[in-house]
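Notes follow once the structure below has been shown.
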Amino acid sequence: MTKQALIVIDIQNDYFEEGKYPLYQPEVTTAKNLKAITIATEKNIPIIHIQHLVSPELGEGLFFYDNSYGAEIHIDIMAAAPNSPIVVKRHADCFEKTNLEALLQEMGVEEILLTGMMTHNCITHTALSPAAEKYNPKVIEECCCTIDPITHTLAVDSMQVRGIEMLSIDNAFA
């Protein structure tokens, strides 16, 4: 059987109502991610949290600033997988200048399941990353969100035309 890993991307406080860049229905996406995390845990599939950080020196108007509440991974996500590794990134592609590749190699992962926020940015960039190709990336679509439903749909289409498979929670872990 193919060894999978669940990669939970950027479910961070700034994407919620009180944050600096609220997305469309982040609570719904979080609930679905919690379901995916529960299934992954039950099936002994490793979970990796991704946390995007931004240096305050980059100026105002951004979010996820180092050491800010907004940059913290959502409390419910962390509580669901408290011992899972956290990969810190500073680019949209989760592989770019991070230790994700080394971690996946160490775990013997052959396939990555991507979930999280934002569909049109970090999910797409990671799924289409040249570094992701060898892991047969798949996206659990219902576990992703972005700024609005249209942008989500356009991002999903852009990934699908490039061969990225969209899965439901139920068939992702089958």
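Numbers at a glance
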quantity	calculated
In the range 142-156, the residues that are more than 21 Å from residue 172 (Cα to Cα) and charged (D, E, K, R)	148
Helices (runs of 4 or more DSSP H) contained entirely in the range 75-174, each with at least 3 residues that are within 21 Å of residue 65 (Cα to Cα)	75-80
Some residue of the range 26-46 being open to solvent by less than 50 Å² (accessible area, probe 1.4 Å), more than 14 Å from the chain's Cα centre (by Cα) and over 16 Å from residue 115 (Cβ atoms)	no
Residue check for residue 20: farther than 26 Å from residue 174 by Cβ, charged (D, E, K, R) and surrounded by 15 or more Cβ atoms within 10 Å (Cβ to Cβ)	yes
Residues within the range 144-174 that are touching a residue at least 40 places away in the same chain (Cβ under 8 Å) and of a type outside the set (S, T, N, Q), tallied	10
Test: residue 56 is open to solvent by 20 Å² or more (accessible area, probe 1.4 Å), touching a strand residue (DSSP E or B) at 6+ places or on another chain (Cβ under 6 Å) and under 23 Å from residue 103 (Cβ atoms)	no
Flag if residue 136 is open to solvent by 10 Å² or more (accessible area, probe 1.4 Å) and farther than 22 Å from residue 63 by Cα	yes
Top-ranked residue of the range 151-170 - restricted to ones that are closer than 11 Å to residue 138 by Cα and not aliphatic (A, V, I, L, M), ranked as least open to solvent (accessible area, probe 1.4 Å)	168
Selection from the range 21-50 of residues that are assigned to a helix (DSSP H, G or I) and β-branched (Val, Ile, Thr)	28, 29, 30, 37, 38, 39, 41
Close pairs (7 angstrom Cβ cut-off, 6 or more residues apart or separate chains): free of Cβ contacts under 8 Å to residues at least 12 places away in the same chain in the range 6-24, of a type outside the set (Lys, Arg) anywhere	22/15; 22/16
Residues that are over 16 Å from the mean Cα position of the chain (by Cα), touching a residue at least 24 places away in the same chain (Cβ under 8 Å) and not in a loop (DSSP other than H, G, I, E, B), drawn from the range 51-69	54, 69
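The values are calculated or read from the model by the stated rules, or taken from the named source; none is laboratory data. These numbers come from a predicted model, not from an experiment. Glycine also receives a Cβ, built like all others from the backbone with ideal geometry; neighbour counts cover every protein chain displayed. Each accessible area value is taken on the protein alone, full model and side chains, heavy atoms only, with ligands, DNA and RNA left out. Shrake-Rupley method; radii C 1.70, N 1.55, O 1.52, S 1.80 Å.
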